[in-house]
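Engineer: Take this structure, written in structure tokens, and hold onto it; I'll ask about it next.
Every number here is computed from the coordinates shown, using simple stated rules; none is lab data. The structure presented is a predicted model; accordingly, all values stated were derived computationally and were not measured. Ideal geometry is used to build each Cβ from the backbone, glycine not excepted, and the neighbour counts take in all protein chains shown.
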Amino acid sequence: MSRFLVILLSAALVPSSAFVAPGAPRPALRSASQVEQMQRVEMIEEPSTFPFGAVAMASVLGLMVGLASGPQVAMAEDAPAAPVMDKKAKLKAEVEKAQAAFSKNAKSKDDRLKEQMKQLEDFSKTATTNKASN
């Protein structure tokens, strides 16, 4: 029902020219006497400027759209709760599996230290041979 009210209010704010086809014929130019006569008539009777036709047409259209899409939208809002939980459980299982594989293949701190010490020794040997050759 709230969607219907929003559509109705937005249709009331839309100018009535929005509901005119773009290729609609335009009125012909009038002579000065015809313009004066029309101005006198306008002064006598002041027509309503509120676009009742456009509001009525938009409200009927909004009612039709709201009634046609109402049940499907309500069902679509209720349905995703279960699949989201399944996705979260699957992602959590994948993360745990990846962490287990990483920790299985990871080197201990002692192994890393030994490797770095060996690299430093190799570097110092090459540095001394390069210095001796220069």
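Engineer: Report the extension gain between PHE4 and LYS92 in nm, rounded to one decimal, defined as 0.36 nm multiplied by the number of residues separating them, less their alpha carbon distance.
Structural biologist: 27.5 nm
Engineer: Just grab the label-to-label distance for MET57 and THR126, each label 7 Å out from Cα along the Cβ direction, in nm (one decimal).
Structural biologist: Going by the 7 Å Cα→Cβ label model, 8.2 nm.
Engineer: Under a point-charge model restricted to the Cβ atoms of Lys and Arg (+1) and Asp and Glu (-1), what is the dipole moment magnitude of the stretch 80-134 relative to its Cα centre, in debye to the nearest 20?
Structural biologist: The calculated dipole for the stretch 80-134 is roughly 120 debye.
Engineer: Continuing with the same structure: Under a plain spin-label model, where a point goes 7 Å from the Cα along Cα-to-Cβ, how far apart in nm are SER103 and LYS118?
Structural biologist: My value for the distance between the label points is 2.6 nm.
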